[in-house]
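Student: Got a structure for you, written out below as C-alpha cells; questions coming shortly.
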Amino acid sequence: MNDARLCSPHHDGSPQYVRNQAPVVGDILAVRLRVPARWGTPRRVFLRSLRDGEPHYDQARTLPSVDGWSWWEADVTVANPTLRYRFLLEEADARGPRWSWFNATGASPWDTPDRDDFVIHCRAAPTEWARNAVIYQVFPDRFARSQQRQPVDLPGWAIACGWEDPVEPRGELTPRQVYGGDLDGITENLDHLVDLGVTVLYLTPFFPARSNHRYDATTFDVVDPLLGGDDALVRLVESAHARNIAVIGDLTANHTGDAHEWFRKARADPTSAEAGFYYFDKDTTDYACWFGVPSLPKLNWASPELRTRFVEGADSVVAKWLLPPFNLDGWRIDVANMMGRNSDVDVNHQVAALIRATMDEVRPGLMLLAECTGDATENLTSQAWDGAMTYSNFTRPLWQWFARENAAANFFGTPIPGIPRIDGQGFVATHLALSAGFSWRARTQNMSALNTHDTARAGTVMIEGGPAVGMALVFLLPGLPTLFAGDEFGLRGINGEDSRTPMPWQAAADRPDDLRTLIAALSTLRAGSPALREGTVRWLAITPDVVVLAREHEDECFVIAAARADYDRLTVPLDLLPGSWADADQVVLGWPDAIGELADETLVLSGRGPSVQVWRLPGLVMP
C-alpha cells in the first residue's frame with residue numbers, strides 16, 4: 001500500500017469521530033474528520049449525506065489543530081433510518097479548483113459510488129456485555145462427556161465412537177459419528193472458559209436431529225436427549241450466568257430436517273398448514289432445499305402460520321428458548337443470508353426484522369448474529385442484526401497472508417485447490433475493502449475468528465507460528481473475538497468436519513501449539529482497554545511481511561506490529577503516531593525479542609517472525 005494511502009485524511013465512524021453511535025431519525029450528529037499535515041491543509045471541507053436518496057452538503061467548521069493534524073467538524077441531520085455520508089475536501093491550488101472525496105474506502109480525486117460511503121444505522125446500541133464479548137463456540141458432541149453421564153440408546157443413524165477415535169473428514173460416516181459430548185460436560189468445564197476470558201458461550205444446534213451437527217432438526221420443541229435434554233440446558237445456562245458468561249444458541253431459520261415433524265405432516269397431508277411451510281411442486285414430490293441437499297428442506301416464509309409458530313411473539317420458537325426456564329441470551333442464525341430467499345422470492349430482511357422484534361419484545365438487549373460467510377454488507381443493511389459471522393473481511397485474507405505452501409485445505413469452497421497466498425499489502429487492502437460497507441457498530445460486532453466448525457483449522461492452513469499471530473489480531477482489530485473450541489490447543493483439521501475433533505483434555509498439557517496463556521493475556525488486555533474495544537484504527541506501515549497499525553482512544557493508544565517473517569528497522573514517521581512515543585510501555589504477549597526505538601524523528605521497529613509486538617501510548621488528544 002503506497003505512502004499516500006497511509007498519510008491520507010482519517011475517519012472510520014468510531015466514537016472518536018461520531019460520539020452518538022445510536023441515533024434516531026431527526027438527531028443532529030457532530031461528525032469529525034482529521035487531516036495530517038503531510039497530506040496538506042484543506043481550504044474547505046463539506047460533509048455530503050443523502051436525504052431521502054438526494055445528496056445534501058453541510059460545511060464543516062475548523063477545530064484546533066493537534067499534533068500536526070487539522071480537525072474538522074460538521075453537523076448532519078439524520079434524515080432516514082440509515083445515514084450515508086462522505087467528505088468533500090477543497091484543496092488550495094493557484095491553478096484552479098482541486099478537490100477530493102473521502103469515503104469508507106479512502107481518498108479519491110474522482111467521484112465515487114454511494115455504496116462506498118460511511119454508514120450509520122438508527123438502532124439502539126448493544127448492551128455492554130454484547131458489545132464487549134469474547135465468544136467461545138462449542139460443537140456439543142465433541143467438547144466433553146459429563147462425569148455423571150447417563151447411558152442413552154443411540155438412534156439408528158448414529159455410530160458410537162471412542163473419544164480418541166479419529167474423525168472422518170469426508171464420507172457417509174462423517175455426519176453419523178457420535179462421540180458422546182453433552183451439555184453437562186460443557187457445564188463441568190465452564191471454568192476453562194473463565195480462564196480464557198470468555199464472556200459468551202455459543203452453542204451449535206442442540207435440537208434433536210439425524211446427524212451429529214444437528215442442522216437438520218426434527219423438532220424445535222425440546223433439547224436432544226443425547227445432549228441431556230431440557231434440564232441439561234437449564235443447568236448449563238444457570239451455571240454460565242453464575243460465571244458472568246452469556247449463552248447464545250444456533251437456529252436454522254432457513255430450513256429444517258426432512259424428518260422434522262412439520263415436514264412429515266406436510267408430506268402426509270398436502271392440505272395441512274404445514275404444507276405451506278415449504279416450497280413443494282404441484283404434486284408434492286419435489287421441494288426446494290438447502291444447496292440441493294434433500295435432507296434440508298427450505299422454509300417458505302410467505303406462510304403466516306410459519307411466522308406465527310417460529311418467529312412471532314412470546315409463544316414462538318425464537319422466544320421460547322429466551323424465556324424461563326432456559327434463558328438463552330440470543331441467537332446466531334444459520335445461513336442468515338439465505339433465509340427467506342428462494343428463486344424470485346426475497347423476504348430476508350422482513351424475517352430478520354420479525355426475529356429481532358420478538359427478541360426485543362420478550363427480553364430486550366439480547367444478541368442476534370447472522371451467519372453470512374461471504375460479503376455480509378448487504379445483509380447487515382437490515383436494522384435487525386448486531387453483526388455477522390463472516391469470513392470475508394478478516395479470516396479469509398488472514399489465511400492468505402499466513403498460508404503455508406501447498407496447504408492441503410480448501411479455501412472456503414472455491415474450486416481451485418489450496419490457499420491463494422497474498423502479502424501484507426493484500427491482507428490490508430482486502431480487509432479494508434470488505435470492511436468498508438459496514439457501519440462502525442456492525443464492524444465491531446462482527447465475529448472475528450481464526451476458523452470455525454465450518455472451516456479448516458488455522459494450524460493446518462498457516463505457517464508455524466501463524467495461528468498465534470492470527471489470534472492476536474483476532475483480539476487487537478475491531479470485532480468480537482471468537483474462538484472455536486480447540487483453538488487454544490492448536491487443533492488441526494483439513495475441513496469443517498475434520499476440525500470438529502474432540503477436545504484433548506487428557507493430553508492438554510502436552511500440546512505443542514498451546515495458546516491458552518496467550519489467549520488469556522489477550523482477553524485481559526482487551527477487557528481493560530477501551531482503545532481495543534472501540535478505538536479508531538489507522539494503518540501506519542505495510543510491507544509484504546509486516547503490518548503496523550494504531551488503535552486510538554482518548555484514554556490510551558496502541559501501536560501494533562504483526563509480522564509473518566523476520567524484519568529489521570521498519571520505519572514509521574513520528575508525525576503519524578498517536579500520543580508520545582517517549583511515554584510508551586511495551587505490552588509483552590510472548591515475543592519479548594521485538595524491539596522499538598526512536599531514531600531521527602522516526603520509530604524504528606525490528607523483530608522476529610511470526611510475531612506481534614504491542615506498545616501502549618498516551619491517549620489521543622482531541623480538539
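Student: Kindly indicate whether any position in segment 426-433 is in a strand (DSSP E or B), more than 28 Å from Asn254 (Cα to Cα), assigned by TED's automatic domain parsing to the domain that holds Asn495 and touching a helix residue (DSSP H, G or I) at 6+ places or on another chain (Cβ under 8 Å). If you could, list the steps in order and put the result at the bottom.
Tutor: We begin by selecting, within segment 426-433, every residue in a strand (DSSP E or B); these are none.
No, that holds for no residue.
Student: Evaluate the following for Asp184: is it in a helix (DSSP H, G or I), in contact with a helix residue (DSSP H, G or I) (Cβ under 8 Å, 6 or more places away or on another chain), modelled with pLDDT of 95 or more and crowded, with 20+ Cβ neighbours inside 10 Å?
Tutor: Values: in a helix (DSSP H, G or I): yes; in contact with a helix residue (DSSP H, G or I) (Cβ under 8 Å, 6 or more places away or on another chain): yes; modelled with pLDDT of 95 or more: yes; crowded, with 20+ Cβ neighbours inside 10 Å: yes.
Here the answer is yes, as Asp184 does meet what is asked.
Student: Pull up segment 436-449, narrow it to residues that are in contact (Cβ under 8 Å) with a residue 60 or more places away in the chain and of a type in the set (S, T, N, Q), then point me to the one that is nearest to Asp386 (Cα to Cα).
Tutor: Ranking the qualifying residues of segment 436-449, first place goes to Gln445.
Student: Are there any pairs with C-beta distances below 6 angstrom linking a residue in segment 361-372 that is within 16 Å of Thr252 (Cα to Cα) to a residue that is modelled with pLDDT under 95, with the two at least 6 apart or on different chains, and if so which?
Tutor: The qualifying pairs are Ala370/Asn379; Cys372/Asn379.
Student: Considering segment 136-153 alone, what residues qualify as being over 19 Å from His453 (Cβ atoms) and at pLDDT 95 or above?
Tutor: Ser146
Student: Tell me the helices (runs of 4 or more DSSP H) entirely within segment 188-277 that contain at least 1 residues that are under 21 Å from Asp329 (Cα atoms). Show your work before the answer.
Tutor: Working: elements: 190-196, 229-242, 261-268.
So the answer is 190-196, 229-242.
Student: How many residues does segment 289-304 contain that are in a helix (DSSP H, G or I) and either charged (D, E, K, R) or more than 25 Å from the chain's Cα centre (by Cα) (or both)? Step through it out loud before you land on a result.
Tutor: Step one: of segment 289-304, the residues in a helix (DSSP H, G or I) are 290-292, 304.
Of the ones still in play, those that are also either charged (D, E, K, R) or more than 25 Å from the chain's Cα centre (by Cα) (or both) are 292, 304.
Of the residues in that region, 2 qualify.
Student: Could you tell me which numbered condition Glu497 fails, if it satisfies all but one of (1) buried (at least 24 other Cβ atoms within 10 Å of the Cβ); (2) of a type in the set (D, E, K, R); (3) touching a residue at least 60 places away in the same chain (Cβ under 8 Å)?
Tutor: Answer for Glu497: the failing condition is (1).
Student: Same structure, new question: Among the listed residues Pro42, Pro55, identify the single one that is over 24 Å from Ala531 (Cβ atoms), in the same structural domain as Arg98 (by TED's automatic domain parsing) and either of a type in the set (Asp, Glu) or part of a loop (DSSP other than H, G, I, E, B) (or both).
Tutor: After applying the criteria, what remains is Pro42.
Student: Follow-up question, since we're still on this one. For a quick check of your reading: which strands (runs of 3 or more DSSP E) sit entirely within segment 67-119 and have at least 1 residues that are among the charged types (D, E, K, R) and without any contact (Cβ under 8 Å) to a residue 60 or more places away in the chain?
Tutor: Working: elements: 69-77, 82-91, 98-103, 106-108.
Strands (runs of 3 or more DSSP E) meeting the threshold: 69-77, 82-91, 98-103.
Student: Hey, any hits in segment 15-28 for a residue that's farther than 25 Å from Thr127 by Cα and not in a loop (DSSP other than H, G, I, E, B)?
Tutor: Applying the first criterion (farther than 25 Å from Thr127 by Cα) to segment 15-28 yields none.
No, every residue in segment 15-28 fails to be farther than 25 Å from Thr127 by Cα and not in a loop (DSSP other than H, G, I, E, B).
Student: Name the single residue, out of those in segment 1-59 being hydroxyl-bearing (Ser, Thr, Tyr) and surrounded by 15 or more Cβ atoms within 10 Å (Cβ to Cβ), that is nearest to Ala436 (Cα to Cα).
Tutor: The initial filter retains those residues of segment 1-59 that are hydroxyl-bearing (Ser, Thr, Tyr), namely 8, 14, 17, 41, 49, 57.
Of the ones still in play, those that are also surrounded by 15 or more Cβ atoms within 10 Å (Cβ to Cβ) are 8, 14, 17, 49.
On the way: Ser8: 16, Ser14: 13, Tyr17: 16, Ser49: 16 Å.
Here the residue is Ser14.
Student: Give just the number: which of (1) more than 29 Å from Val311 (Cβ to Cβ); (2) in the same structural domain as Ile333 (by TED's automatic domain parsing) does Asn212 not satisfy?
Tutor: Asn212 satisfies every listed condition except (1).
Student: Can you go through Leu47, Leu63, Leu33 and tell me which one is in contact (Cβ under 8 Å) with a residue 60 or more places away in the chain and more than 10 Å from Pro9 (Cα to Cα)?
Tutor: Values: Leu47 fails: in contact (Cβ under 8 Å) with a residue 60 or more places away in the chain; Leu33 fails: more than 10 Å from Pro9 (Cα to Cα).
The match here is Leu63.
Student: One residue is enough: does segment 237-244 have a residue meeting the conditions among the β-branched types (Val, Ile, Thr) and either within 14 Å of Phe139 (Cα to Cα) or surrounded by fewer than 20 Cβ atoms within 10 Å (Cβ to Cβ) (or both)? Lay out the reasoning, then the answer.
Tutor: Filtering segment 237-244 down to residues among the β-branched types (Val, Ile, Thr) leaves 237.
Within this subset, residues satisfying the condition of being either within 14 Å of Phe139 (Cα to Cα) or surrounded by fewer than 20 Cβ atoms within 10 Å (Cβ to Cβ) (or both) are none.
The answer is no; no qualifying residue exists.
Student: Collect the residues in segment 397-431 that are of a type in the set (S, T, N, Q) and in contact (Cβ under 8 Å) with a residue 12 or more places away in the chain, keeping them in residue-number order. Walk me through it before giving the result.
Tutor: Of segment 397-431, the ones of a type in the set (S, T, N, Q) are 400, 406, 410, 414, 425, 430.
Passing the criteria: Gln400, Asn406, Asn410, Gln425, Thr430.
Student: Specify the residue that is farthest from Gly535 (Cα to Cα); the eligible residues are those in segment 466-521 that are aromatic (Phe, Trp, Tyr) and under 21 Å from the mean Cα position of the chain (by Cα). It would help to see each step written out before you state the result.
Tutor: To start, the set of residues in segment 466-521 that are aromatic (Phe, Trp, Tyr) comprises 475, 484, 489, 505.
Within this subset, residues satisfying the condition of being under 21 Å from the mean Cα position of the chain (by Cα) are 475, 484.
Values: Phe475: 13, Phe484: 25 Å.
This residue is Phe484.
Student: Further question on the same structure: Before we move on, is Arg32 in a strand (DSSP E or B) and more than 17 Å from Glu90 (Cβ to Cβ)? Please lay out each step first, then the result.
Tutor: Working: in a strand (DSSP E or B): yes; more than 17 Å from Glu90 (Cβ to Cβ): yes.
So Arg32 fits the description; yes.
Student: Out of all the residues in segment 535-548, is one or more at positive phi and either surrounded by fewer than 22 Cβ atoms within 10 Å (Cβ to Cβ) or touching a strand residue (DSSP E or B) at 6+ places or on another chain (Cβ under 9 Å) (or both)? Quick ask: steps written out before the conclusion?
Tutor: Start the filter on segment 535-548 by keeping residues that are at positive phi, which leaves none.
The answer is no, given that none of the residues of segment 535-548 is at positive phi and either surrounded by fewer than 22 Cβ atoms within 10 Å (Cβ to Cβ) or touching a strand residue (DSSP E or B) at 6+ places or on another chain (Cβ under 9 Å) (or both).
Student: Answer yes or no: is there a residue in segment 381-396 that is more than 25 Å from Val119 (Cα to Cα) and among the aliphatic types (A, V, I, L, M). Write out each step before concluding.
Tutor: Taking segment 381-396 first, the residues more than 25 Å from Val119 (Cα to Cα) are none.
No, segment 381-396 contains no residue that is more than 25 Å from Val119 (Cα to Cα) and among the aliphatic types (A, V, I, L, M).
Student: Also, I was wondering about something else. Within the set of pairs 6+ apart or on separate chains, which have a first residue in segment 130-154 that is assigned to a loop (DSSP other than H, G, I, E, B), a second that is of a type in the set (Ser, Thr, Tyr) and at pLDDT 90 or above, and C-beta atoms under 6 Å apart?
Tutor: Here the result reads Ala133/Thr199; Val134/Thr199; Val134/Ser523; Phe139/Thr204, each pair linking segment 130-154 to a residue that is of a type in the set (Ser, Thr, Tyr) and at pLDDT 90 or above.
Yes or no, residue by residue, for (1) among the aliphatic types (A, V, I, L, M); (2) at pLDDT below 95; (3) buried (at least 18 other Cβ atoms within 10 Å of the Cβ):
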{"site": "Val66", "(1), (2), (3)": "yes, yes, no"}
{"site": "Asp75", "(1), (2), (3)": "no, no, no"}
{"site": "Asn80", "(1), (2), (3)": "no, no, no"}
{"site": "Arg98", "(1), (2), (3)": "no, yes, no"}
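The values are calculated or read from the model by the stated rules, or taken from the named source; none is laboratory data. None of the values given here were measured: they were computed from a predicted structure. As a convention, Cβ positions derive from the backbone with ideal geometry for all residues, glycine included, and neighbour counts pool all protein chains shown.
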